[in-house]
Each structure stands twice: as structure tokens, then as C-alpha cells.
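Colleague: First the structure, which I've put down as C-alpha cells, then a few questions once you've had a look.
Bear in mind these aren't lab numbers, they're just calculated from the coordinates by the rules spelled out. These numbers were taken from a predicted model, which means no experiment stands behind them. Because the Cβ atoms are built from the backbone with ideal geometry, glycine has one as well, and the counts that use them run over all protein chains shown.
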Amino acid sequence: MANTNEYKQPIGEPVNDWTPRERPARIAIDGAHCRIEPLDVERHAADLFEAYGRASDGSDWTYLFVEPFSDFVTFRDYLNKAQASADPLHYTVIDTARGKAVGTLALMRIEPVHGVIEVGSVTFSPLLKRTRISTEAQYLLMRYAFDQLGYRRYEWKCDSLNAPSRKTAQRLGFQFEGIFRQAIVYKGRNRDTAWYAIIDQDWPLVKLAFERWLADDNFDADGVQRASLEKIRSSLV
């Protein structure tokens, strides 16, 4: 039965004792295999430029708002602007075994009043993509938003034509919510935006699935997963 007001109109469920959340901070978050830390140009630029340069072509940048960087000076200028930004707030993923920066991602469109936050600008190098670390990095930032900051909604948005990003969102536990047509013009072309989200009610199951997938006993001696993240999550429902 829906809640109703004094005019017999249906209204949303009450959110008791709600207060605006804190904004995410420039802090480091340690995991078992990686560390997330605030983007620091002096410490991370050289590693990131080298890591991104391992790609065989520029296809990783097709759906980002910037093009691949052919020279270090231009790349460093871009990172300086990213480091100065509070929203998006950019973090670097450090492979702790290598001691190297291997990618970046950001918390963005931050709405403390409503408890809504988005993960975006995901720029993972070939050293990070499709690795255990890439999943752990997403988990660490998600856990920070839900468990420490207390946000109610964690969003993922991408070009609706970006099939790898859409597949990743679903693998990580985001639920598809629809297409916003002609949402953005970027790089001189239209973008229909696919929306995904995890809300606080989803988070306990999503979190448990991450933890079971990341556990050492889910990987064989060669580091190959025994059960997929989706399979583990489905088994918990």
C-alpha cells in the first residue's frame, strides 16, 4: 500500500533522520592488491603516461571526453586540471605489487543533499583492465561511498553505444535504469546516455558478492577466477 498525504495522493516513503552527507575527501583507500589515492601529478603522471602508452591504439579513449595524449607535456597539463578539480574528484589506482599507478577513476556529480554520487572518468590502462585489481578498485571506491560517507545512490553513466562499459556496469552489480536520449554533445557528436545505479538497499548483497569474488580461495594458482562475480551474486539472491 502506497503512502498517501492528506489529499489522498500517493507519496514516497519517508526517509527518517536524513541529513546531507559529507563530500568525498582526498584520502587514500587501501585494498589487498591495490590502493586508491588522490590524483597527484608529481607522483603519478609518469607512471600513468607509460601505462596508457601500452595500448595498441586509441580505442580506449573513444567514449571519454578527451582524446589520447601523444606527448607527455599535454598529458601533464590535462592531469593538472584534473587534480585541481573537486567535482569530478579524481583518484589514482596504484598496483601495490608493482608500486605503479595504472589508471584513474573519479567520484563526480556529487549531491550531498540527496546522497547521490557517480563514479566516472574511468580510465584504466592495459595494465589494469580485466584484472583482479580493476574490480577491487571499483569495490573500494563504492564501499567508501556507501559505508563511510553514507550515500543512498551510486551511479554509472556511459554512452549507450559503449558496449564494454555497459557490460562492466552490469557485471559490477549496477542495475540498468534506461536511456536518456540526446543527453550530451561531445567530440562533435551526439550521446544517448545509458543510466545504471546501485542504491543502498542493493549494497549489502553487492558488497558480499565483491568480497567473496575477491577472496583468495576464488582464484587458482594461476590467478584465474573459479566463479564469476555475476555467478556469486546470483547465488546470494
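Colleague: Which one of Arg152, Arg130, Arg226 has the biggest mean-square fluctuation once the chain is modelled by GNM with Cα springs under 10 Å?
Modeller: Result for the chain, Cα springs under 10 Å: Arg226 fluctuates most.
Colleague: Still on this structure: Could you work out how far helix 203-214 tilts from the main Cα principal axis of the chain, as a 0 to 90 degree angle to the nearest 10?
Modeller: The angle comes out near 30 degrees.
Colleague: Let me ask another. For the stretch 70-122 and the stretch 4-41, what is the centre-to-centre distance using only Cα atoms, to the nearest Å?
Modeller: 18 Å
Colleague: Mind checking which aspartates and glutamates have their C-alpha under 15 Å from Lys8, skipping anything on the same chain fewer than 8 residues away?
Modeller: Leaving aside aspartates and glutamates fewer than 8 places away in the same chain, none come within reach of Lys8.
Colleague: For the stretch 1-88, what value does the Rg/Rh ratio take when both radii are computed over Cα atoms and Rh is the Kirkwood radius, given to two decimals?
Modeller: On the way: Rg = 21.8 Å, Rh = 17.4 Å.
We get a ratio of 1.25 for the stretch 1-88.
Colleague: Could you work out which residue, out of Asp57, Asp192, Asp17, moves most in a Gaussian network model of the chain, that is, has the largest mean-square fluctuation with Cα springs under 10 Å?
Modeller: Taking springs between Cα atoms under 10 Å, the residue moving most is Asp17.
Colleague: Which whole-number percentage describes the relative contact order of the chain, with Cα contacts under 8 Å and a sequence gap of 6 or more?
Modeller: Values: 372 pairs, mean separation 37.1, N = 237.
For the chain, the relative contact order is 16 percent.
Colleague: What do the square roots of 5 times the Cα gyration tensor eigenvalues come to for the chain, in whole Å, largest first, as semi-axes of the equivalent ellipsoid? Write down the numbers at each step before the final one.
Modeller: Details: eigenvalues 187, 104, 67 Å².
For the chain, the ellipsoid semi-axes come out as 31, 23, 18 Å.
Colleague: Provide the gained length on full extension for the span Asp57 to Ala28, in nm with one decimal, where the gain is 0.36 nm per separating residue minus the Cα-Cα distance. Walk me through the intermediate numbers first.
Modeller: Numbers: separation 29, 0.36 × 29 = 10.44 nm, distance 3.12 nm.
Taking 0.36 nm per residue and subtracting the Cα distance, the gain is 7.3 nm.
Colleague: Treating cross-link reach as a plain straight distance, find the lysines whose alpha-carbon is under 29 Å from the alpha-carbon of Lys100, omitting any fewer than eight places away in the same chain.
Modeller: Straight-line reach from Lys100, under 29 Å: Lys81, Lys129, Lys157, Lys167, Lys207.
Colleague: Here's a follow-up. Among Phe124, Phe146, Phe69, whose mean-square fluctuation peaks in a Gaussian network model of the chain (Cα, cutoff 10 Å)?
Modeller: Phe69
Colleague: Using the 10 angstrom Cβ neighbour count as an exposure proxy, how do Trp195, Trp156, Trp213 rank, fewest first?
Modeller: The fewest-first ordering by Cβ neighbours comes to Trp195, Trp213, Trp156.
Colleague: Okay, next question. Report, in deg cm²/dmol and to the nearest 500, the calculated mean residue ellipticity at 222 nm for the chain, where each DSSP H run with n ≥ 4 adds -39500 (n - 2.57) and the sum is divided by the residue count. Present the calculation step by step, with values, prior to reporting the outcome.
Modeller: Values: 6 runs with 67 residues, N = 237.
That comes out to -8500 deg cm²/dmol.
Colleague: Now for a different question. Would you mind ranking Tyr63, Tyr52, Tyr154, Tyr7 so that the residue whose beta carbon has the fewest other beta carbons within 10 Å leads the list?
Modeller: Details: Tyr63 17, Tyr52 22, Tyr154 25, Tyr7 6.
The most exposed by this proxy come first: Tyr7, Tyr63, Tyr52, Tyr154.
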